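Worksheet for the structure shown next.
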Amino acid sequence: MHLQRRNRILRTTGAIRAMVAETTLSPADFIAPLFVDEGEEVAHEIPSMPGYYRYSLDRTVREVKELHALGIRSVLLFVKAADEVKDNTGKEAWNKDGLMQRTIRAIREAVPEMYVMTDVALDPYSEYGHDGIVKDGEIINDETVEALVKMSLSHAEAGAHMVAPSDMMDGRIGAIRKALEENNFTKVGIMSYSAKYASCFYGPFRDALDSAPGFGDKKTYQMDYANRREAIRETLLDVEEGADIVMVKPAMAYLDIIREVKNSVTVPVSAYHVSGEYAMIKAAAEKGWIDENKAILESLTSIKRAGADLIATYFAKEAAKLLRES
Ligand code: PBG
């Protein structure tokens, strides 16, 4: 054969493959989610997330130092609220001395360079395990937004760099932005979970925080996975309302959405590689059915290739180590 073009030439050696790679991962792409619990020296392994822990504050600070040493620039904080503080107002969420607020202050003090993002939604504090306030069996929008605003201000006050509303209520980005402006928090950002789907892949996360909905599901606020245009509508509105970063969640089953969002906005796009996606890789690897390290890098590269500028992933630490070795 005398071929004019042989596409395999650019795949012949590791050097040329690295030279022409279109997508490369870096630890700065990762946002490391952290689950924080009360107590001292607590490391509770999440049963459905082998190798992932809920740490007390002291251990969390140590973990943040390790992440920082590996080149990871940001953490996304979630706290497990004690049953006694859960109610239907979410008021513990803006307790000045609540676990979240103490955690923000401790991390800012111990590792000042770490960019601290915080989850904003009522589910860890809700006696019903819902992201908002419940009235007559419904999750009510506008009163919930008022609570989310108080929660965001409280995180900003404690030193959060960016709040990350994950609740999917209407109008919350605009309301939070307005409140941040009015209170002179002009450097605090908003990463909006703009296209967040009602997904079964959040199961292990709800184990981690003991936050599964007590009744019903989250389909009246999170999106229907059948929909694509709706993701664009949600995202464009959040950008208009002032989101600095938008997010698609989950990631692997939603790569088409990540790409479409990427093509529709000029703000950075993040994707949340969620707990169930972590669990699937871990479970298959435990059984010896896939190579865990390869699955991690292939998954994260695919999410970035789809259009994610940032990836929130429970594999952040492992991936940073793998990148260092490669
Ligand atoms: C709740 C919240 C959830 C996740 C992040 N914030 C769960 C839910 O919506 O029920 C899921 C994260 C994951 O599964 O890793 N506001």
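The values are calculated or read from the model by the stated rules, or taken from the named source; none is laboratory data. Source: prediction; values computed, not measured. In this analysis, Cβ positions are derived from the backbone assuming ideal geometry, glycine residues included, and neighbour counts consider all displayed protein chains. The accessibility values were calculated without ligands, DNA or RNA, using every heavy atom of the protein model including side chains. Shrake-Rupley method; radii C 1.70, N 1.55, O 1.52, S 1.80 Å.
The single condition among (1) surrounded by fewer than 22 Cβ atoms within 10 Å (Cβ to Cβ); (2) within 16 Å of the ligand (Cβ to nearest atom); (3) acidic (Asp, Glu); (4) in contact (Cβ under 8 Å) with a residue 40 or more places away in the chain that Glu66 does not satisfy is (2).
The condition of being under 30 Å from Arg324 (Cα atoms), of a type in the set (Val, Ile, Thr) and over 19 Å from the mean Cα position of the chain (by Cα) holds for only one of Val85, Val116, Val111, that being Val111. Here is a check on your reading of the model: is Glu143 farther than 13 Å from Glu241 by Cβ, in a helix (DSSP H, G or I), away from the ligand (no atom under 16 Å from the Cβ) and modelled with pLDDT of 95 or more? Yes, satisfied. Is it true that some residue in region 211-226 is at pLDDT below 95, in contact with a helix residue (DSSP H, G or I) (Cβ under 8 Å, 6 or more places away or on another chain) and closer than 21 Å to Tyr53 by Cβ? Checked against the condition, which is being at pLDDT below 95, in contact with a helix residue (DSSP H, G or I) (Cβ under 8 Å, 6 or more places away or on another chain) and closer than 21 Å to Tyr53 by Cβ, region 211-226 yields at least one hit.
Restricting the search to region 180-205, which residues are among the basic types (Lys, Arg) and either more than 8 Å from the ligand (Cβ to nearest atom) or open to solvent by 50 Å² or more (accessible area, probe 1.4 Å) (or both)?
Across region 180-205, the qualifying residue is only Lys187.
Considering region 254-326, the qualifying helices (runs of 4 or more DSSP H), each wholly inside and each with 1 or more residues that are over 16 Å from Arg73 (Cα atoms), in contact with an Asp or Glu (Cβ under 7 Å, 6 or more places away or on another chain) and within 15 Å of the ligand (Cβ to nearest atom), run over 275-286.
When we screen Arg233, Arg177 for residues that are open to solvent by 30 Å² or more (accessible area, probe 1.4 Å) and free of Cβ contacts under 8 Å to residues at least 60 places away in the same chain, the only hit is Arg233. Is there a residue in region 84-106 that is within 16 Å of the ligand (Cβ to nearest atom), free of Cβ contacts under 8 Å to residues at least 40 places away in the same chain, more than 28 Å from Met280 (Cα to Cα) and surrounded by 15 or more Cβ atoms within 10 Å (Cβ to Cβ)? Scanning region 84-106 turns up at least one residue that is within 16 Å of the ligand (Cβ to nearest atom), free of Cβ contacts under 8 Å to residues at least 40 places away in the same chain, more than 28 Å from Met280 (Cα to Cα) and surrounded by 15 or more Cβ atoms within 10 Å (Cβ to Cβ). Scanning region 38-72 for residues that are touching a Leu at 6+ places or on another chain (Cβ under 9 Å) and over 23 Å from Lys282 (Cα atoms) returns Glu38, Gly39, Glu40, Leu57, Gly71. Selection of region 261-285 for residues being touching a residue at least 40 places away in the same chain (Cβ under 8 Å), open to solvent by 10 Å² or more (accessible area, probe 1.4 Å) and farther than 19 Å from Phe201 by Cα yields Lys262, Asn263, Pro268. Could you tell me how many of the residues in region 21-47 are assigned to a strand (DSSP E or B) and either more than 16 Å from the ligand (Cβ to nearest atom) or open to solvent by 20 Å² or more (accessible area, probe 1.4 Å) (or both)? Residues that pass the stated criteria total 4. Against the conditions (1) within 11 Å of the ligand (Cβ to nearest atom); (2) assigned to a helix (DSSP H, G or I), Lys218 satisfies every one except (2). Under the condition of being under 30 Å from Asp256 (Cβ atoms), in a loop (DSSP other than H, G, I, E, B) and touching a Lys or Arg at 6+ places or on another chain (Cβ under 6 Å), the residues counted in region 150-202 number 2.
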